[in-house]
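Below: the structure, in structure tokens.
The values are calculated or read from the model by the stated rules, or taken from the named source; none is laboratory data. Quick caveat: nothing in here was measured; it's all calculated off a predicted structure. Using ideal geometry, Cβ is built from the backbone for each residue, glycine included, and neighbour counts are taken over all protein chains shown. Remember, those area values only see protein heavy atoms, side chains included, never the ligands or the DNA or RNA. Shrake-Rupley method; radii C 1.70, N 1.55, O 1.52, S 1.80 Å.
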Amino acid sequence: MQVTFQGDPVEIKGTQPNVGDQAPDATLTTRQGDDVKLASYFGDQAVVLSIVPDVQTRTCELQTKNFADKLAEQDVKFLTVSRNTVDEFNTWNEENDLDLTTLSDTKGEFGDAYGLEIDLGDDERLARSVFLVDTDGVIQYVQIVEEIADEPDYDETLEAIKAL
């Protein structure tokens, strides 16, 4: 699959899961530095996975803050996943006076399982995307943002949540 970054083509490595697929599991690192299985978040509530290339950039910050605001009243868990380190996520949460659940994919397991790895210059990142996973761990919605510099369509995600 191909997307663009500031108009230039970027190849997404791997195969992305589709609606109806069981959500792949992967080991990620919490803000406390603990390894956790992604599947441990599935079960009692639907989960919105918001994947950002780098939370320290403006569009990624907007995506994370906008989803946090828009999902606050929804009956879902909101998780932000990125290649950012635990320290980078903790600093970002502190600077923005937030306490969001952020998961670091510094080992690359999530990017590989979800087929979202991209190269931005010499920088390995994850493609901007959104996945909605139901309480059975089945993917109900997928949005891979075509232009990495653009925010996702929040309304589409909210409609998918309503449809659960």
Residues in the stretch 15-30 that are in contact with a strand residue (DSSP E or B) (Cβ under 6 Å, 6 or more places away or on another chain) and farther than 20 Å from ALA160 by Cβ total 5
Which one is most open to solvent (accessible area, probe 1.4 Å), of the residues in the stretch 129-148 that are assigned to a strand (DSSP E or B) and polar (S, T, N, Q)?
-> GLN140
Does any residue in the stretch 137-150 that is closer than 12 Å to VAL10 by Cα come within less than 6 Å, Cβ to Cβ, of a residue that is of a type outside the set (A, V, I, L, M) and in a strand (DSSP E or B) six or more places away or on a different chain, and which pairs are these?
-> GLU147/THR4; ILE148/PHE5
Is one or more of the residues making up the stretch 119-128 open to solvent by 40 Å² or more (accessible area, probe 1.4 Å), touching an Asp or Glu at 6+ places or on another chain (Cβ under 7 Å) and at pLDDT below 95?
-> yes
Only one residue in PHE5, PHE42 is within 20 Å of VAL142 (Cα to Cα), modelled with pLDDT of 95 or more and not hydroxyl-bearing (Ser, Thr, Tyr), so which one is that?
-> PHE42
Options GLU159, GLU151; residue that is within 20 Å of LYS65 (Cα to Cα), open to solvent by 30 Å² or more (accessible area, probe 1.4 Å), touching a helix residue (DSSP H, G or I) at 6+ places or on another chain (Cβ under 6 Å) and not in a strand (DSSP E or B) | GLU151
Do we have any residue at all in the stretch 71-90 that's at pLDDT 95 or above, basic (Lys, Arg) and surrounded by 14 or more Cβ atoms within 10 Å (Cβ to Cβ)?
-> yes
For the stretch 1-56, the count of residues that are in contact (Cβ under 8 Å) with a residue 40 or more places away in the chain, part of a strand (DSSP E or B), open to solvent by 20 Å² or more (accessible area, probe 1.4 Å) and under 30 Å from ASN96 (Cα atoms) equals 4
Has the stretch 105-116 got any residue that is farther than 23 Å from GLU156 by Cβ, part of a strand (DSSP E or B) and open to solvent by less than 50 Å² (accessible area, probe 1.4 Å)?
-> no
Within the stretch 57-66, how many residues are in contact with a helix residue (DSSP H, G or I) (Cβ under 7 Å, 6 or more places away or on another chain) and surrounded by 15 or more Cβ atoms within 10 Å (Cβ to Cβ)?
-> 0
